[in-house]
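What follows is a single structure, written as structure tokens, with notes after it.
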Amino acid sequence: MINNAAMAHDVLKHLKAHTDQIVSLKAKYDNVIQFFFTDLPATADHSTYFLSNKLVAERLDPLLVARHTELFQYFWYKVHQSTPPYKEIWMTTAYLTDQHLFLLELSFE
């Protein structure tokens with residue numbers, strides 16, 4: 001597992017502080033949240049995680065999830081009413097070149 005803790009945390013904190021950059025926030029499935037947004041924080045690694053038209057998926061570091069539960073729940077409750085049932089969180093990222101948007105998807109497993 002690539003050390004994704006800092007990047008995921010930075011992007012989510014950035015989106016929480018800059019909700020105007022979120023173009024769409026969807027809950028297509030019961031355990032998934034999809035973000036489409038226009039800009040990344042300077043600390044995010046575009047070349048590793050946000051590849052052009054390619055999905056990158058990996059499990060988030062359990063220590064990150066434990067340390068920042070409130071951040072994940074903040075976004076969960078934006079689209080769901082129930083408590084998030086999960087033991088781990090998977091993150092999928094991409095850069096959608098046609099739409100000029102970043103994709104971040106969190107899957108609560």
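Of all residues in region 8-54, those satisfying the criterion of being modelled with pLDDT of 85 or more, of a type in the set (A, V, I, L, M) and either surrounded by 13 or more Cβ atoms within 10 Å (Cβ to Cβ) or not in a helix (DSSP H, G or I) (or both) are V11, L12, L15, I22, V23, V32, I33, L51. Scoring D30 on the criteria (1) under 18 Å from F108 (Cα atoms); (2) without any contact (Cβ under 8 Å) to a residue 60 or more places away in the chain; (3) touching a strand residue (DSSP E or B) at 6+ places or on another chain (Cβ under 7 Å); (4) not aromatic (F, W, Y) leaves a single failure, condition (3).
Among residues of region 1-13 that are charged (D, E, K, R), those with a Cβ under 8 angstrom from a residue that is surrounded by fewer than 14 Cβ atoms within 10 Å (Cβ to Cβ) and modelled with pLDDT under 70, sequence gap 6+ or separate chain, pair up as D10/T43.
Against the test of being touching a residue at least 60 places away in the same chain (Cβ under 8 Å) and either out of contact with any Cys (no Cβ under 8 Å at 6 or more places or on another chain) or among the aliphatic types (A, V, I, L, M) (or both), the options D98, D61 yield a single qualifying residue, D61. Selection of region 57-85 for residues being of a type in the set (A, V, I, L, M), in contact with a helix residue (DSSP H, G or I) (Cβ under 9 Å, 6 or more places away or on another chain) and surrounded by fewer than 16 Cβ atoms within 10 Å (Cβ to Cβ) yields only L63. The residue pairs whose first member lies in region 79-90 and is assigned to a strand (DSSP E or B), whose second member is of a type in the set (A, V, I, L, M) and surrounded by 10 or more Cβ atoms within 10 Å (Cβ to Cβ), and whose beta carbons are closer than 8 Å, counting only pairs six or more residues apart or on different chains, are I89/L60; I89/V65; I89/L106; W90/A57; W90/L60; W90/L106.
The values are calculated or read from the model by the stated rules, or taken from the named source; none is laboratory data. Quick caveat, the model's predicted, so the values are computed rather than measured. Neighbour counts are summed over all protein chains in view; Cβ atoms, including those assigned to glycine, are modelled from backbone coordinates with ideal geometry.
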